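Input: a single structure, listed below in structure tokens.
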Amino acid sequence: MSRFSSTGPSQRQLRVGEQVRHAVAQILSRGEIRDDVLNNTVVSITEVRMSPDLKIATCFISIVGNTDVQTVIKALANNAKFLRGRVAPQLRQMKYMPEFRFRPDTSFDNFAKIDALLRSPEVARDLQHDDSDTETTQENENNG
């Protein structure tokens, strides 16, 4: 069995991804990109996933406000080469500068769905039913 059989990202991928996330977030926060869509939008880089060869950086973004996510992703994709050049000095230890890809971060939507499910009346009823069963079992153990 190979020692590289893990399914998750390597420690190196995680470390480089965090460095890329930090560098891209700095460029965006300074407003160095001259694009009307990006200048009027607050973009947050929530995560960067690196490919195993560290040549592709997939940046997951979330947007503050009601701007269309696809419009912002298109603007970022159009400025990806500029971003790559601006990030290069901060990532000079890398052999190859990664190519940037941008995707919407849907994890917050997933969290909201899970939260809504947990707060639904059906789940609350089941949880109350489980609590009463536990109390009855504990009372029987104490009396027995």
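Residue-wise test of (1) in contact with a Cys (Cβ under 7 Å, 6 or more places away or on another chain); (2) closer than 14 Å to P98 by Cβ; (3) surrounded by 18 or more Cβ atoms within 10 Å (Cβ to Cβ).
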residue	(1), (2), (3)
T7	no, no, no
Q11	no, no, no
V16	no, yes, yes
V24	yes, yes, yes
N40	no, no, no
I56	no, yes, no
N66	no, no, no
V72	no, no, yes
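Only one entry in T46, T41, T67 is touching a Gly at 6+ places or on another chain (Cβ under 8 Å) and among the hydroxyl-bearing types (S, T, Y), namely T41.
No other residue among E47, E18, E32 is in a loop (DSSP other than H, G, I, E, B) and not small (G, A, S) apart from E32. Residues that are in a loop (DSSP other than H, G, I, E, B) and in contact (Cβ under 8 Å) with a residue 40 or more places away in the chain were ranked within segment 54-75; the one that is nearest to S10 (Cα to Cα) is L54. Of the residues making up segment 119-144, those that are charged (D, E, K, R), exposed (fewer than 10 other Cβ atoms within 10 Å of the Cβ) and at pLDDT 75 or above are R119, E122. Counting the residues of segment 76-107 that are in a helix (DSSP H, G or I), open to solvent by less than 40 Å² (accessible area, probe 1.4 Å), in contact with a strand residue (DSSP E or B) (Cβ under 9 Å, 6 or more places away or on another chain) and more than 17 Å from R15 (Cβ to Cβ) gives 4. Could we say that F111 is open to solvent by 30 Å² or more (accessible area, probe 1.4 Å), closer than 26 Å to T7 by Cα, aromatic (F, W, Y) and under 19 Å from the mean Cα position of the chain (by Cα) here? The answer is yes for F111. Among the criteria (1) open to solvent by less than 90 Å² (accessible area, probe 1.4 Å); (2) under 25 Å from Q11 (Cβ atoms), the one A116 does not fulfil is (2).
The values are calculated or read from the model by the stated rules, or taken from the named source; none is laboratory data. None of these values were measured; they are calculated from a predicted model. Using ideal geometry, Cβ is built from the backbone for each residue, glycine included, and neighbour counts are taken over all protein chains shown. Side chains included, ligands, DNA and RNA excluded: accessible areas come from the protein's heavy atoms. Shrake-Rupley method; radii C 1.70, N 1.55, O 1.52, S 1.80 Å.
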